[in-house]
Each structure stands twice: as C-alpha cells, then as structure tokens.
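For reference, the structure discussed in these notes is given below.
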Amino acid sequence: MTTLALPKRWQVPGWGLCLMIAMLGELTYFTFTTRYFAANGVPGILVLAEQFAPTGVLALGMAMVILTGSIDLSAGANASLTAIICGLGLEKGYNMWLCILAAIIAGTLVGLANGLLVALAGIDSLLVTLATQFIVTSILTSLAGAEPPFNFSVTFQGLGQGTVADIPDDVLVFLVLGVATILIVNYTTLGRSLVLTGFSQRAAQYTGIATRKTLASVFTINGAFAGVAGVLLAAYYNSAQPDTGTILLLPAITIVVLGGVDIFGGRGRIGEVIIAGFLLGYLSQGMLIEGNSSLTITMVTGLVLIGALVLKISLERNFRQLLSVRMQRLRTRHP
Amino acid sequence: MTMAKDAEPAVRPVRDTTRRSELAWLASRREVLVAAAIILVIGISTAVHSYFWSSANISFIFADSIVVACLALGESFVMLGRGIDLSVGSIMGMSAIIVGFQIQNHNMTLFPALVFGAAIGIALGLGNALLVGVARLPPIIATLGTFSVYSGLEFVVTNGLQVDTIPNSLTNLGVHTVLPGVPILLVAALPLFIIGAIVLRYTTFGRAIYAVGDDSEAAYRAGIPVQRILFSTYVISGFTAGLAGIVLLIHTSGASSTTGNTDNLNAIAAALIGGTALTGGRGGAFGALIGSVFLSATLTALSYVHVSDIWQPAGVGVLVLLAVIYDSRGNAVRLPRMLRRRRT
Amino acid sequence: MRRIIYALPVLALAVSLAACSNAASSSGSSTPKTGSSKSGASLADKPITVAIVPKLLGLSVFEANVQGAKEIAPSLHETIDYTASVDASGPDQAAVIMGLVHSNHPPQVIAYSANDPTSEVPALEAAAKAGIKVIGFDSDVTASARSYFIQDTAYPAMAQALINAVVAKFGSKGTIGILSSTPDATIQNAWIGAMRTYVKQKYPNLKIGPIGYGQSNQQISQTQATNLINSNPDLLALIPIDGDAVPGALAAVQAVGKAGKIGVFGIGDPNPNRKYFANGSLTGLFLWNEVNEGKLIAYVARDIYDGTMPQAGGSFTAGSLGTFTVSNSPAPGTIIFSKPVEFTKANYLQYNF
C-alpha cells in the first residue's frame, strides 16, 4: 500500500560520459573548421586552456560550495581582490612567493568571513555573499586606485604563461587542484560531511555531523581557491584590474551546473565539473576563433546551459518514473 | 529526548495558523522599522548639511529609487514564492531600448509606451516562467540563462544605436513635483504598489504565493496549483521590469545596449532590505518601495558627507547584511551553547 | 518525454545560432584571395583586413569610428572587421583579440581602443608575434605592445578648451565639479591632470573640486551629478568627461532646476545631448570628429602594412584629412588626431554620432 520512497535527487548516470562525448565532438568539429586547432594539435589545444584555467579553479571551489546547497556570489570579486593584492605586493618589490601567499591568505580570510556569517548567524548564503560581493568590490576598487598594478617580473609571468612539458602552468594548477578537490570530496570526512549537509541539512545534523563547522570550512576553502584563481589571473594578464575576476563568476557557476552538480546540493561529481569546465572553455574559445562575435557566444552559453539542464532534468524524471514502475512490479512479484 | 535548540519545531503553534493576522503584523512591523530608519538617515544628513532637506533633493531621492522599486516589486513576488529572478535588469533594458526607439523615432506617447513596455516585459518574463514553472528548472539557473540571452539580445536590438532623445513632456514627470519633495513619478507609480499590496494581502492568489513560498509541499497538498502560481510570479516580475524600463526612460532619458545589466542585484538588495525574505513567505509590496527609498536615501547621504563613490557598493552591502542579520536573529547560534555541545 | 521535447528546440536554437552567425561573420572577415607577390610591386594594392576592436559593442562613438573607416576602406583596398566584447572588460577584450589571432583568416592589422592599459598586452604581443601589425586609438595600452597610437586630441589642448570655456561664461572664481567614469580610467585621469596643471598656472582662484564616478552608466552618472550639485552649493560648473556622463550631468542639472546657472562643459558626442543644445543647459561640448578619426585609422593601417609610416618626428599625409606628425610624447609613437572640436547649437546638426 505504501509508495516506495525513492531518493529524491537521483542523478543521470553517465552524465560525465555525455559531457565527455560532447567535448570530444566539439573538439573534432573545431579541428575541421578552424586552422588553429588543426595546425597546432594537442599542445595548441592545451595552450588555449590557459584562458579559462582560472575560471576552472574558481569553479572547483564553487562546486564544493554548491554541493553543500549554498552559493558564493563573492568568489569573483574575491579573485579580483587577491589579484590586486598580489600585484600591489609585486609592484613594491616583495618576494614573489610572499606576495602569492599573502594573496591566498587574503582570499581565505574573505571566505572565512562568509563562512562565519553563514554558519554562525544562520543567514542564507545567497544574501551573505551578495553583501560581501559589494563590500569586497569597494575594497578592491579603492586598493587598485588610479593605476592598478601591472608589469610584474618575468618569473611571475611564467606562472601564467609558461609551460611544463607542453602543459601550461595554470592548466597544471587547475588539474592538480581538481584532483585535490576530488580527493577532498570523496575520501575525507569533510567531503562526506559537505555532501550530506547539502542533501539534507536537518538529517545531517541529526546524524551528528557538525553542519555549521562544515559550512564554515567550505566557504573558507572556496576563499582559498578564489585566491589561487586571482594569482593565476594576475600572472596570465601580467596585470591586476578591478574587473579581472569579477566577470568570471557567472561562467564558473555555469560550469558547475553544467557539470551535473545539483543546485540544491547533495549530488554531483567533481570529475564531471572538470570535464564541463573544459567543454565550456573550448566552446567559447573555439567559437571566438571561428569568428563568432562575443555577443553570439554569450547567448549560446546561456542557451546551452538551459538546454542541457532541461534535458538532464527531463531524463531524471523519466528514469525515476521508469524505476518506480519497475520496482513496483518487482515488489508485486516477490511479496 | 530533547531536540536541538536550533531545529525548527515540527508542529507550528496554533497562533501561527491564523496567517492573515500574523502576516499583517509582520508586514507592518518591518516596513515601519525601515521607514523609521529612513527618517533617521534624513535627520542626521540634514543636521550635517542643511540642503539635504530640500524639495529638490528629497524629490530626487524618490525619483531615483522608483526604477529599482519597480524591479524590486516584481522581484518580491518571485522571492515570496521562494524563487529568484536574476534577469529583471536585462528585461528592463530590453523594454527601455525597444520602447525608447519608438518614442524617439516614431513619437510614441506615454500611455502606448507603458502598454508596449509592459507587453515586452510580459513576453520576456514568459521565458522565465516557462523554464521555472513548466520545465521546472531551478530558478537560479533558469534566470541566469535568460539573463545571458536577454542581455545579448539588447545588443542585437540596438544594432549599434542608442536611445538618446526623450521629449521633455516625458522627462518632466520625474522632475516636476506635485507637493514639495514629491515628484509626479512617485504619485504615478504609487497605484502600482497599492495594487501589488492588495493582491498580495487580500486575494486568494496572493495568499497562495505566500503559501507556496513558505512550504510548497504543504501548499500542493492543500490543493494550491504550485506550478501555476510560480509561473505567474515570473510573468509578474517581467511585467514590472517592463514598466521599470519606461520609468528609466523618463528618469534618465536614454538607454543603450548595456542598460540594466547591473541592476539585478540592486533590485534583490532593495527587496531584502524592505523585508522580503529569500526563503519566501514573508514580505510585501510596500517593502520593495521602502527598501529602494532607504537605499537611495542612504547612498545620497553618503555622498553628502563626501564619502567617495567607490564606497557606495560597500554601503549597499553593509545595509543588506544588517537587514538579513536582523531577519535571521532567530537562527543564530549563541556561542556558549555551541561550545557546550562539544563537551557531550 | 515531454520535457526532452522542450530541451531539443533550445539546443537546436543554440546550435543554429552559432552556425548562422559563424557563417555571417566569416563571410565578413574573410580576405579576398591575394595574388602572388610580385617583386618590386607596391604593397599598396594588396587587399588587407583591418580588425577594429573598440572597448565594447554598441557605443555610438565607436560605431562612428567604424563608419568612417568603412567609408574609405574600398579606396584603400581594405576590409574592415568590427568586433568587440559585450562588456567593457579588459580580459574579455583580450580574449576577442586572441580569437582574431588564431582565426582561420587573421587580420593583417589590429586597431584597438583598450578597456584598460594592461590586460590586453599578452594578446597584442601574441598578435605581433604572428606578424599582425598593432595600432591603437582613443585608449592606449603600454607602449611596447603596439607600433603607433592615434590619440584623439592632445590632453593639454582639451583641458584648455574646457577651462577657457568655463572662464569665458562663468568667470574665474569658484569650484568646478568633475564627473568621470572610473577611478582608473587613463584618458580621464590624464584630462583631469592636465586641467589641474592649467588651472594652477593661469586661474589660481578656480578650484578643481570633487570628482564623481559615473561608471560609464547614464543613470549612475545622473545620480552622482545630482549629489555633486546638491552637496556643493557653490558649484560653478560641472565637467563631465565621459560620453555617458554628459547626458547624465545635463539631466541632473535640469532636474534641480539650475539649467544655465550651473554650467555643463562636457567631453562627449552630440547625439545624446541634442535636446539640451536648445534649452541652454549645455554650455559647452567638446570632442573630435569621430567619423574622420575612423578614416585616419584606415589610413594608418594601410600605411603601417605598406611600411610607409615615419619614425618619431616624421609626418605623413592621410588623404583629405591632411598631414599628421608622429611624436614621442606623451608616449612613443603617438599621433595626435585633431584639436578639440566644439559642438554648438549652430553646428551640431552636421554630425551624426
């Protein structure tokens, strides 16, 4: 008589496979239609990834935050802030690694502030990070001043534009952080806590998980990731402008959502987020190279987001109905 | 078997089920609070700089806030249903551009402009409504997607031109005052908010929105057509954004391909300050107006004390934080309690 | 199943949008087949593509530049490719430039107007490495990344034109408020600096006072202008030095009822301000002929591809526009386009930008 309780948020298996196929498809398409992809082969394709590696790093941190059912709107501004702090330090001549460390610490502190407000004061993360975004924007605009820092040392530029065995430095950082995120989410207590907190905060609390501590930690880690993204941006552009990181927020969220992470939290695989990052990155780079205007790319990204999600949600619903029917039949056959 | 102090009680006390009186009580409390804050800000600023309290300045504060207030009104409807609309700014931009060209090149007058603008807003709002109400996409994603598409469309529609000239007959609505300090624009826009408040508080539709936002599962089981309600809130949000586009034209007499892209978050901030909670179920139409006026008054006050414009976003951020901290004071964990739990 | 049917049209729309605009833009940017190079033949006959990459799409002043360039492009055997990002962001502009460099038919010359002085530099250096000539106009980057820069007008000349106009109409004693775009806008800061120097020299009783930032947004400019006016009761004049700030400042002055009493002397294009010429609130508007500047861009692009551009100190002719000199001040390889042009009630109808 009772209806079977199916897990509410059931994900399409093999979404990662779909993304991978789509990405390989688009790379093949671009190889045939653009001379750049064909001529420069795999190293050329990897160099293109330099442009969106910082967005990818931002997306990794954002993925962890979204997995807990929250969101961080201040990550972009945070990345701008850390880029400017790093740049200001480099301009004054301090040791390169010291500047990078200072920048990442600054980003972590902003993340910590977000985390404390969300966890201790119990405020919805959208509101907190909305406010923090505004505050951080003012701080970084005043720090940047009339002449934002630029023209850093060659060693530092190498961080953003150099390569290690054909793989660009910042893509390497992105992949290393990606692996680290996968390890955190799948193999540590924190990872398990954050996924469960996202799935149902109440249930996680009753299980004994310190949800507030988890939330605070996730935002802090996201702040650190934004710090790394800011440093990569400063290195790649050899300058730190007030809007450098802020414009990356929406693309980062798009990558996370396209990667199959449930926006309400609790379900999602980081590996798929990484694939989605490459997918969207190459899509916009490839379209730019083909000669499409920036306008078309913005609209196509929006449409791809909507289309992919509608597809995914409808598949999930249909599978759920299918599963429910099948399970019902099983039950009646074996009472 | 004590429940954790910070968990919500599973059964609401009887007092809470008389929704009407509780809502009326809540609404009046919060909006009165913000109105008091506005008077405080004006009082302090006038003490520092006597010109603050002048017809021209107060009138400007009102006129400046009406654009965001209209956006925040629609945003309130959406937020009451526990959704969010991140595309209101671009809908406003589209309406301003399309109608603006009609006014500039074909001498469209005010009333047809309003109708046309509202129609554009409804059409674009339908996009959001279909995605959230019918296709059941999460609102954040759906409106993020439509924001990208609509802001791109703004470029396509302008085709490189800008709306430059709005005749004085229209722009004077934002300048001429009915009473000292009350521009015609405010008086003209007030009916919109009054209608919004009446719909929310005294119609079944309005109460259904509160119900859906508060607990959509319970609303569904009570027989409320949840998806249809959500659908309508996004159409309403588009409608008010379309009207906001016309108000923008009246206030600034211009529009370009980038109009409105930065106003999304300001609209949400204004609605939040005015008392509409993101988690739905609380807030109202006048909150949107009061929140916008408070934002406008405080930012104007800041520049009077010669705080550089750079710090205005921080001002908005701090106000939003104060508003939400005040709203969430029931959810906060008290430090000694948190430490005490550790020991067991 | 029903929901998949919703998804498919959306995805199909996305794909067709990409395909259609790809077809449209690639036909616009493809260069006609160039013949084999004959030794000794003048390069001036070789058709080239010039990519003009302004700060963003849709601004009337840049559209006017492109219009001017397109007018004389056929006579110079050039095809003009106009592309830019959808927002005024340096990194996005850099991505657009990189896309051009890597495209199937890269342009021979890239002419940019930069959003900020530094973010586009890596992309421009990549362009130079690929053999593309790089010139700038209106808003520059660090000088090492480009060969020549067309500066709209000399900073001191513009500052003098503005200040002289203020003094002529409102006297030489009082406070002037400035409405700029953002704190780090290079040209605006250069103008402000030039105004301060000029005023210190010649009109010591004039104070260049508070600066408001309108973020290149007309509504924000209007709000900031109103606040400037209201919080400084002894304001003599407003000087908005950004295209979007001028109509904002005018609307503000009109709203507080001080049209004609507080002067508005701006740097901007005439079209957005047409109705203010008539009612007298716009007391001075200066810019330069954007259409002609576009033509100059086309000429310089042709000359730099042909290798006939002079070194610093030299000069060259640009068709009917006249002779221009290349100088090293304020930055290496600068070409000053013109003196400030004043738009008045009498002449503004001649211009359409």
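The values are calculated or read from the model by the stated rules, or taken from the named source; none is laboratory data. As the structure is a prediction and not an experimental result, all values here were calculated from the model. Reconstructed Cβ throughout: ideal geometry from the backbone, glycine too, with neighbour counts over all protein chains shown.
Some observations on this one:
- Pairs with Cβ under 9 Å, 6+ apart, first in region B:63-80 and within 12 Å of chain C (Cβ to nearest Cβ), second acidic (Asp, Glu) and surrounded by 24 or more Cβ atoms within 10 Å (Cβ to Cβ): B:VAL67/B:ASP263; B:VAL68/B:ASP263
- Scoring A:GLY111 on the criteria (1) within 14 Å of chain B (Cβ to nearest Cβ); (2) surrounded by 24 or more Cβ atoms within 10 Å (Cβ to Cβ); (3) within 20 Å of A:ARG212 (Cα to Cα) leaves a single failure, condition (1).
- Scan of region B:139-165 for residues that are at the interface with another protein chain (Cβ under 8 Å from one of its Cβ atoms) and not in a helix (DSSP H, G or I), ordered by number: B:GLY160, B:LEU161, B:GLN162, B:ASP164, B:THR165
- Annotation for region A:118-127: no member residue is modelled with pLDDT under 95, part of a helix (DSSP H, G or I) and over 27 Å from A:VAL195 (Cα atoms).
- Being in contact with a strand residue (DSSP E or B) (Cβ under 9 Å, 6 or more places away or on another chain) and either closer than 17 Å to B:LEU265 by Cβ or at pLDDT below 85 (or both) holds for only one residue in B:SER328, B:SER308, B:SER292, B:SER296, and it is B:SER308.
- Counted residues, region A:242-284 - those being among the small types (Gly, Ala, Ser), part of a helix (DSSP H, G or I) and within 29 Å of A:SER138 (Cβ to Cβ): 1
- Sole exception among (1) part of a helix (DSSP H, G or I); (2) farther than 25 Å from C:ARG274 by Cβ; (3) β-branched (Val, Ile, Thr) for B:ILE84, by number: (1)
- Those residues of region C:159-197 which are without any contact (Cβ under 8 Å) to a residue 60 or more places away in the chain, touching a helix residue (DSSP H, G or I) at 6+ places or on another chain (Cβ under 7 Å) and surrounded by 21 or more Cβ atoms within 10 Å (Cβ to Cβ), in sequence order: C:ALA159, C:ILE163, C:MET195
Here is a yes/no grid of residues against (1) more than 11 Å from every other protein chain (Cβ to nearest Cβ); (2) more than 15 Å from B:GLY160 (Cα to Cα); (3) at pLDDT below 90:
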site	(1), (2), (3)
C:ILE48	yes, yes, no
C:ALA64	no, no, no
C:ALA84	no, no, no
C:GLY90	no, yes, yes
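- Test result for A:ILE247, modelled with pLDDT of 90 or more and either in contact with a Leu (Cβ under 8 Å, 6 or more places away or on another chain) or within 10 Å of another protein chain (Cβ to nearest Cβ) (or both): no
- Boolean, B:HIS251 is at pLDDT 85 or above, farther than 26 Å from B:VAL134 by Cβ and more than 17 Å from the chain's Cα centre (by Cα): yes
- Test: residue in region A:305-323 that is buried (at least 23 other Cβ atoms within 10 Å of the Cβ), closer than 24 Å to B:SER87 by Cα and at the interface with chain C (Cβ under 7 Å from one of its Cβ atoms): yes
- You will find that of C:ILE335, C:ILE304, the residue that is over 28 Å from C:ARG274 (Cβ atoms), at pLDDT 90 or above and either within 19 Å of the chain's Cα centre (by Cα) or small (Gly, Ala, Ser) (or both) is C:ILE335 and no other.
- The one condition in (1) more than 9 Å from every other protein chain (Cβ to nearest Cβ); (2) hydroxyl-bearing (Ser, Thr, Tyr); (3) within 22 Å of A:THR254 (Cα to Cα) that A:THR332 fails to fulfil: (3)
- Residue match in region A:275-282 (condition: at the interface with another protein chain (Cβ under 8 Å from one of its Cβ atoms) and surrounded by fewer than 24 Cβ atoms within 10 Å (Cβ to Cβ)): no
- Count of region A:140-164 residues which are under 15 Å from B:ASP309 (Cβ atoms) and either surrounded by fewer than 18 Cβ atoms within 10 Å (Cβ to Cβ) or modelled with pLDDT under 85 (or both): 3
- With respect to the conditions (1) more than 17 Å from the chain's Cα centre (by Cα); (2) touching a residue at least 24 places away in the same chain (Cβ under 8 Å), B:LEU200 lacks only one, and its number is (1).
- Considering region A:146-232, the qualifying helices (runs of 4 or more DSSP H), each wholly inside and each with 2 or more residues that are under 30 Å from C:VAL141 (Cβ atoms), within 16 Å of the chain's Cα centre (by Cα) and away from every other protein chain (no Cβ under 14 Å), run over A:169-187.
- C:LYS202 being without any contact (Cβ under 8 Å) to a residue 60 or more places away in the chain, touching a Ser or Thr at 6+ places or on another chain (Cβ under 6 Å) and surrounded by fewer than 24 Cβ atoms within 10 Å (Cβ to Cβ): no
- Residue satisfying condition, being within 14 Å of another protein chain (Cβ to nearest Cβ), within 19 Å of B:ILE58 (Cα to Cα), surrounded by 21 or more Cβ atoms within 10 Å (Cβ to Cβ) and more than 25 Å from the chain's Cα centre (by Cα), within set C:ALA249, C:ALA225, C:ALA255: C:ALA255
- Of the criteria (1) assigned to a loop (DSSP other than H, G, I, E, B); (2) out of contact with any Asp or Glu (no Cβ under 9 Å at 6 or more places or on another chain); (3) modelled with pLDDT of 85 or more, which one C:ASN292 fails: (1)
- Filter result for B:GLY127 (under 26 Å from B:LEU278 (Cα atoms) and within 14 Å of chain A (Cβ to nearest Cβ)): yes
- Scoring B:THR165 on the criteria (1) under 23 Å from C:SER216 (Cα atoms); (2) buried (at least 21 other Cβ atoms within 10 Å of the Cβ) leaves a single failure, condition (2).
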